[in-house]
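The values are calculated or read from the model by the stated rules, or taken from the named source; none is laboratory data. It should be emphasised that the depicted structure is a prediction, and the values quoted were computed from it without experimental measurement. A quick note on method: Cβ atoms are made from the backbone with ideal geometry, for glycine too, and the neighbour counts reach across all protein chains shown. Keep in mind that these areas ignore ligands, DNA and RNA; they rest on the heavy atoms of the full protein, side chains included. Shrake-Rupley method; radii C 1.70, N 1.55, O 1.52, S 1.80 Å.
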Amino acid sequence: MQAAPQQSPWMSFLPFILIIVVFYFFMIRPQMKKQKELRKFRESLKKGDKVITTGGIYGKVAEVKENYVVVEIAKDTLVKIDKSAIITDMSDVAAK
């Protein structure tokens with residue numbers, strides 16, 4: 001009785017490699033692109049932009065500093081918010 005031929009070690013790792021490639025192109029890469037766009041948006045904030053915070057507060061940018069923005073959430077009500085807490089602008093909400 002003959003022994004079965006040995007399978008190449010690369011052939012046994014091929015399914016794992018394919019899974020990693022699929023995860024990269026369908027999950028990791030789009031997430032990195034989205035984070036890059038969000039970072040670019042936060043860097044381009046200017047006075048008068050309408051924004052939404054991570055807490056769901058809608059407001060208008062009154063002042064922009066290096067690490068934070070001052071957002072007007074109601075008439076004469078200003079809130080100092082970290083730039084990382086700004087998630088989107090109002091034009092994105094209207095499009096959805």
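For the range 53-72, the criterion of being in contact (Cβ under 8 Å) with a residue 24 or more places away in the chain and in contact with a Gly (Cβ under 8 Å, 6 or more places away or on another chain) is met by at least one residue. When you look at VAL21, is it in contact with a Leu (Cβ under 7 Å, 6 or more places away or on another chain) and modelled with pLDDT of 90 or more, yes or no? No.
Checking each residue in the range 19-47 for being of a type in the set (A, V, I, L, M, F, W, C) and in contact (Cβ under 8 Å) with a residue 24 or more places away in the chain picks out LEU38, PHE41, LEU45. Taken over the range 57-80, the residue count meeting the criterion of being open to solvent by 40 Å² or more (accessible area, probe 1.4 Å) and among the hydrophobic types (A, V, I, L, M, F, W, C) is 6. Once the range 65-96 is narrowed to residues that are assigned to a helix (DSSP H, G or I) and within 19 Å of GLN35 (Cβ to Cβ), the residue that is modelled with the lowest pLDDT is ASP92.
Sort out which residues of the range 6-26 are small (Gly, Ala, Ser) and part of a loop (DSSP other than H, G, I, E, B), and write them in order of number. Listed by number, the list holds a single entry, SER8. The set of residues from the range 37-56 being closer than 14 Å to THR88 by Cβ and open to solvent by 80 Å² or more (accessible area, probe 1.4 Å) comprises GLU37, ARG39, LYS40, LYS50, THR54.
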